[in-house]
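Structure first, then comments.
The values are calculated or read from the model by the stated rules, or taken from the named source; none is laboratory data. As the structure is a prediction and not an experimental result, all values here were calculated from the model. No Cβ is skipped: glycine too gets one built from the backbone with ideal geometry, and neighbour counts run over all protein chains shown. What goes into the accessible areas is simple: the full protein's heavy atoms, side chains included, and nothing from ligands, DNA or RNA. Shrake-Rupley method; radii C 1.70, N 1.55, O 1.52, S 1.80 Å.
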Amino acid sequence: GQELSEGRFEDKDMAFHTRVRKGYFARADQEPGRFHIVYAGETILDIHENIMRSVTAKLREKGYAV
């Protein structure tokens, strides 16, 4: 039983998280080849498939997957 603290990132207020989110979206716009936006409004299965397609494509592009 001990509860573990998630850490200081989770302790930040919503304004902090909003700034971080906006920062990542800005980077994704500037460097679309480096970032993949995952929309969490989909089903877990759809999110999983979306991530797997993106990661697999990147691995193939780099020659690590067939």
Looking at segment 50-66, I want the residues that are free of Cβ contacts under 8 Å to residues at least 40 places away in the same chain and have a partner that is in a helix (DSSP H, G or I) and not acidic (Asp, Glu) with Cβ atoms under 8 Å, at least 6 apart or on another chain. Which pairs are those? 65/56; 65/59; 66/60
So, of the residues in segment 43-65 that are under 19 Å from residue 33 (Cα atoms) and open to solvent by 100 Å² or more (accessible area, probe 1.4 Å), which turns out to be nearest to the chain's Cα centre (by Cα)? 53
What tally of residues in segment 6-31 results from selecting those that are open to solvent by 90 Å² or more (accessible area, probe 1.4 Å) and not in a helix (DSSP H, G or I)? 3
Please indicate, with yes or no, whether at least one residue in segment 28-51 is at positive phi and modelled with pLDDT under 95. no
Report whether or not residue 35 is surrounded by 10 or more Cβ atoms within 10 Å (Cβ to Cβ) and part of a helix (DSSP H, G or I). no
